[in-house]
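Below is one structure, written out as structure tokens, with a few remarks after it.
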Amino acid sequence: MSKFWSPEVRELTPYVPGEQPRQRLVKLNTNENPYPPAPGVERALREFPAAHLRRYPDPESWALREALAREHGVDVDQVFVGNGSDEVLALAFQAFFRQSRPLLMPAISYSFYPVYCRLYDISYRTLALDDHWQVPLDALSADSGGVVFANPNAPTGHGHPRSAIARLLEQVSERVVLVDEAYVDFGGESAVPLIDIHPNLLVVGTFSKSRSLAGLRLGYAFGSRELIEGLERVKDSFNSYPIDSLASAAGIAALADRGHFEACRERVIATRERTRRRLDELGFEVLPSQTNFLLARHHDLDAGELFGGLRERGILVRHFNSEALRDFLRISIGTDDEMDSLIEALEAICR
Ligand code: PMP
């Protein structure tokens, strides 16, 4: 604790991401994509003229926003970009959720949301998931200063269909509804087509998961012009050059290769379903997932011991330090070989 820290910083409990191991482990703990990005990304990085780095990047990130707009069937001025969706979320919390009434969010969701609330002095209220570990959309329509949830949700993996999000938006029109679609490409249904009808809907996405570019830090948001302008106002007060030139070039190259994108996500989905069946046979309850991870608990064995046993065998998964999730492991979907190693290790532990 330092006397130089402001009161908010003294109160802060920083978000701790999954461990980044130094030694070689099968790393299934931070929901990265096991496959490399589209080959065009490597080409774009190799061919990028270093001389261009002399100049500041385009403050409007026009080319990247145009590529995103084309890909998702929206207008360029309905697109915002940032350094990873974490930054986009941070800007959205500052722009829209500092209200007199508390922000609503599910009690089990992306653990960064409460961190932003504490950092930006936003009051919030959490709502329990329903009996099927699903986000309670009906309850989110209660009076509030805004709504945030991930769809599909993390770390539970369930996604609501677009029609259910549309029903929520019919009930909530006076404050912003932020839908975080970090995992939507692995079987979820995107709410982006609703932004034309609902000016209070902000959909946030990322290149980190289905585009295999977590190391680049590229995220984005789609919404009405008034929401995008709100984000721009906050962004310009911090850094009017959001995306570096090299990251923009790589992002555009990733979007250009639809074939690679489809092939990767289909492989991840197929591996997920195969892994799910194997875990089931090994005595796990596995929640249905529309993401690139599985949340599972063993009927008899303790999750902490399973986590330790896997780690001893060179496999890293996620065990959350929270009461509600203490029995569960979250397992990111790796390559087929990696998942075979996981299953072999679990067979040895469960034996
Ligand atoms: N939202 C959710 C639900 C996530 O799980 C993550 C990744 N941990 C993010 C947003 C942030 O992703 P990024 O900053 O890499 O775009």
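The values are calculated or read from the model by the stated rules, or taken from the named source; none is laboratory data. The model shown is predicted, which means the values in this text are computed figures rather than measured ones. Cβ: placed from backbone, ideal geometry, glycine included. Neighbour counts: every protein chain shown.
Listing for the model above:
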| quantity | calculated |
| --- | --- |
| Qualifying residue in region 338-351 (condition: under 20 Å from Ala150 (Cβ atoms) and at pLDDT 95 or above) | no |
| Failed condition for Ser109, given (1) more than 15 Å from the chain's Cα centre (by Cα); (2) at negative phi; (3) small (Gly, Ala, Ser) | (1) |
| Residue that is surrounded by fewer than 19 Cβ atoms within 10 Å (Cβ to Cβ), farther than 21 Å from Gln78 by Cα and away from the ligand (no atom under 13 Å from the Cβ), where the choices are Arg225, Arg272, Arg233, Arg258 | Arg258 |
| Hits in region 47-82 (condition: farther than 23 Å from Arg258 by Cβ and touching a strand residue (DSSP E or B) at 6+ places or on another chain (Cβ under 7 Å)) | Gly82 |
| Residue match in region 152-162 (condition: farther than 24 Å from Gln78 by Cβ, of a type in the set (A, V, I, L, M) and free of Cβ contacts under 8 Å to residues at least 24 places away in the same chain) | no |
| Residue list for region 173-221, restricted to those being under 13 Å from the mean Cα position of the chain (by Cα), surrounded by fewer than 18 Cβ atoms within 10 Å (Cβ to Cβ) and more than 10 Å from the ligand (Cβ to nearest atom) | none |
| Pick from region 64-73, criterion within 18 Å of Leu201 (Cβ to Cβ) and in contact with a Gly (Cβ under 9 Å, 6 or more places away or on another chain), ranking: surrounded by the most Cβ atoms within 10 Å (Cβ to Cβ) | Leu68 |
| Qualifying residue in region 112-122 (condition: closer than 23 Å to His319 by Cβ, of a type in the set (A, V, I, L, M, F, W, C) and surrounded by fewer than 22 Cβ atoms within 10 Å (Cβ to Cβ)) | yes |
| Unmet criterion (only one of (1) touching a residue at least 40 places away in the same chain (Cβ under 8 Å); (2) surrounded by fewer than 16 Cβ atoms within 10 Å (Cβ to Cβ)) for Glu266 | (1) |
| When residues of region 253-275 are limited to those that are among the charged types (D, E, K, R) and over 21 Å from the mean Cα position of the chain (by Cα), the one nearest to Ser212 (Cα to Cα) | Asp257 |
| Selection count where residues are within 16 Å of the ligand (Cβ to nearest atom), within 24 Å of Leu295 (Cα to Cα) and touching a residue at least 60 places away in the same chain (Cβ under 8 Å), scope region 12-52 | 12 |
| Qualifying residue in region 284-297 (condition: within 16 Å of the ligand (Cβ to nearest atom) and free of Cβ contacts under 8 Å to residues at least 40 places away in the same chain) | no |
